[in-house]
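Report on the structure given below.
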Amino acid sequence: MKISAEKTDLMSRINAVLKAVPVRTSFPIMECILVDATQGAITLTANDSEFGIETVLDGTIEEPGMVAIEARIFSDIVRNLPDDRVVITVDSANLAVIRCGESVFNIAGRDAYDFVRLPEVARNRMIRLSQFSLKEIIRQTIFSTADNENNLLMSGEYFEVTGNVLRVISLDGQRISIRKIELKEAYEDAKIVIPGRALNEISKILGGGVDDDVSVYFTDNLVLFEFGDTKVVTRLIDGEYFQVDRMISGDYSTKIKANKRSLQECIERASLLVREGDRRPVIINITEDRMEISIKSALGSMNEKIGVEKEGRDLMIGFNPRFVLDAVRVVDDEEVSIYFTTARAPFIMKNDDESYIYLILPISFNM
């Protein structure tokens with residue numbers, strides 16, 4: 001094999017597939033990136049058997065062939081090469097020679113036929129949305145997935161398609177995030193749970209263009225994201241997802257409307273006195289036309305008042321400031337509405353058409 005490509009293009013494609021290389025594995029071939037120039041294009045692939053990425057490199061093929069190269073050393077070498085054209089040649093013994101300018105590296109490759117290719121995903125069931133929409137949906141929900149090996153459903157996001165509406169839900173036992181958008185066309189109803197890790201990595205390599213689409217194909221156990229020259233395949237999480245709608249009540253005894261930026265900055269200031277892992281709550285005290293946010297911790301105390309529009313009863317409630325900040329930061333509205341029932345019940349932040357809903361459990365506190 002002999003191929004060549006610009007260093008910046010090669011590095012960009014390596015960075016994309018590197019996200020699917022496992023940190024630790026008992027199968028050395030999974031630590032590799034497959035470079036395949038046998039089908040008239042140069043493709044780079046990484047696959048850890050649960051999650052895989054394939055992307056096309058813009059380059060020149062002088063001699064077709066393929067090789068698997070250890071991903072970390074491949075990445076480190078290319079990153080440190082001069083900004084010039086990179087030439088990669090591979091001999092019959094899988095010795096890869098990487099040349100760029102006056103730099104020459106000799107790397108022992110592995111037999112490409114040992115590499116596990118991405119599984120084929122049937123294209124019978126699908127939806128299509130813009131890269132911008134998918135990237136935003138992930139950003140606005142991914143923070144409330146859980147790294148929970150005992151309940152894999154909490155580590156994923158629930159995608160529900162009903163006609164031309166896509167609803168995405170995540171939860172971690174302390175909070176729920178819901179985003180709902182309209183698609184350009186109607187599709188067959190579907191319900192799947194996609195691993196949060198895969199979605200997080202997809203969001204990093206999406207361009208995010210409003211006019212650039214993502215095609216999402218899925219079967220009973222696999223989902224394929226296809227955008228531009230890149231494919232991402234991951235296994236779905238099996239199981240019946242939580243009955244989230246039963247957890248969200250439309251009743252409330254107190255409602256406030258606050259300026260989003262003022263609320264966010266106030267909670268950020270209060271968070272300065274909360275150590276990592278500290279379960280001490282920040283306290284909200286809601287009265288007629290103002291909301292006082294306060295904290296007392298081993299580091300000190302703080303209180304601040306902001307103006308709000310209030311309906312219903314006065315209320316005092318404790319909460320984890322990080323949970324509220326995660327939700328407030330991803331809301332694009334200038335004002336946010338928050339609904340409360342009691343000091344011991346979850347409170348909900350949502351907009352009028354419920355295109356986003358964030359439910360957060362409170363924390364008990366002693367005055």
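Looking at (i) 352; (ii) 141; (iii) 171, which value of volume of the Cα convex hull per residue in Å³ comes from a calculation on the structure shown?
The value computed from this structure is option (iii).
Aspartates and glutamates near Lys204 by alpha-carbon distance under 12 Å, same-chain residues fewer than 8 away left out - which ones?
Of all the aspartates and glutamates, those that pass the test against Lys204 - Cα under 12 Å, at least 8 places apart if same chain - are Glu136.
I need the P(r) histogram for the stretch 35-137: all alpha carbon pairs, bin width 5 Å from 0 out to the longest distance, whole percents.
Values per bin, smallest distances first: 2, 10, 17, 21, 19, 11, 9, 7, 4, 1, 0.
Using the scaling law 2.2 N^0.38 Å as the reference, what is the normalised Cα Rg of the stretch 102-215?
Working: Rg = 17.8 Å, N = 114, 2.2 N^0.38 = 13.3 Å.
The reported ratio for this selection is 1.34.
When the helices in the chain are scored as -39500 (n - 2.57) per DSSP H run of 4 or longer and the sum is shared across all residues, what 222 nm value do you end up with, to the nearest 500 deg cm²/dmol?
Working: 6 runs with 62 residues, N = 367.
The helix contribution divided over the chain gives -5000 deg cm²/dmol.
For the stretch 152-194, take the convex hull of the Cα atoms, compute a quarter of its surface area, and give me that in nm², please. Spell out each step's value before the answer.
Values: hull surface 11.5 nm².
Mean projected area for the stretch 152-194: 2.9 nm², to one decimal.
Lys and Arg at +1, Asp and Glu at -1: add these up for the other residues within a Cβ distance under 9 Å of Cys266 and post the number. Provide the component values of the computation, followed by the final result.
Details: positive: Arg269, Lys305; negative: Glu265, Glu268, Glu304.
Around Cys266, the charge tally is -1.
By how many nm would the segment from Arg290 to Ser271 lengthen if fully extended, with 0.36 nm per residue of separation less the alpha-carbon distance?
On the way: separation 19, 0.36 × 19 = 6.84 nm, distance 1.97 nm.
Going from the current span to full extension adds 4.9 nm.
Sort the following peptides by mean Cβ neighbour count (other Cβ atoms within 10 Å, averaged over residues), highest first: 274-280, 338-344. Don't jump to the answer; show the numbers that get you there.
Working: 274-280: 11.0, 338-344: 17.6.
In descending order of packing, they fall as 338-344, 274-280.
Could you order peptides 34-45, 311-322 by the average number of other Cβ atoms within 10 Å of their residues, highest first? Let's see the in-between values first.
Numbers: 34-45: 19.2, 311-322: 16.5.
Output ranking for 34-45, 311-322: 34-45, 311-322.
Using only Cα atoms, locate the centre of the stretch 151-230 and the centre of the stretch 231-272, then give the distance between them in Å, rounded to an integer.
17 Å
Please report, in whole Å³, the volume per residue of the convex hull around the C-alpha atoms of the stretch 197-309. Spell out each step's value before the answer.
On the way: hull volume 23.4 nm³, N = 113.
It is 207 Å³ per residue.
Using the Kyte-Doolittle scale, which helices in the chain average at least 0.0 and also have C-alpha atoms spread 15 Å or more along the helix axis, with helices defined as whole DSSP H runs?
Working: long enough: 7-18 (16 Å, 0.26); 260-271 (16 Å, -1.03).
Those that pass (Cα extent of 15 Å or more, hydropathy at least 0.0) are 7-18.
Less than 27 Å apart at the alpha-carbon level, and either on another chain or at least 8 residues along: which lysines does that give for Lys255?
List returned: Lys180, Lys296, Lys305, Lys310, Lys350.
Among Leu224, Ile256, Phe143, whose Cα sits farthest toward the positive end of the charge dipole of the stretch 140-290 (+1 at Cβ of Lys/Arg, -1 at Cβ of Asp/Glu, about the Cα centre)?
Of Leu224, Ile256, Phe143, it is Ile256.
Say the dipole of the chain comes from +1 at the beta carbon of Lys and Arg and -1 at that of Asp and Glu; which of Ile295, Gln39, Thr25 then lies farthest toward its positive end?
Ile295
Here, each number is a calculation from the coordinates, and none is a lab measurement. All figures in this text were calculated on a predicted structure; none of them were measured in a lab. Glycine gets a Cβ as well: all are built from the backbone with ideal geometry, and neighbour counts include every protein chain shown.
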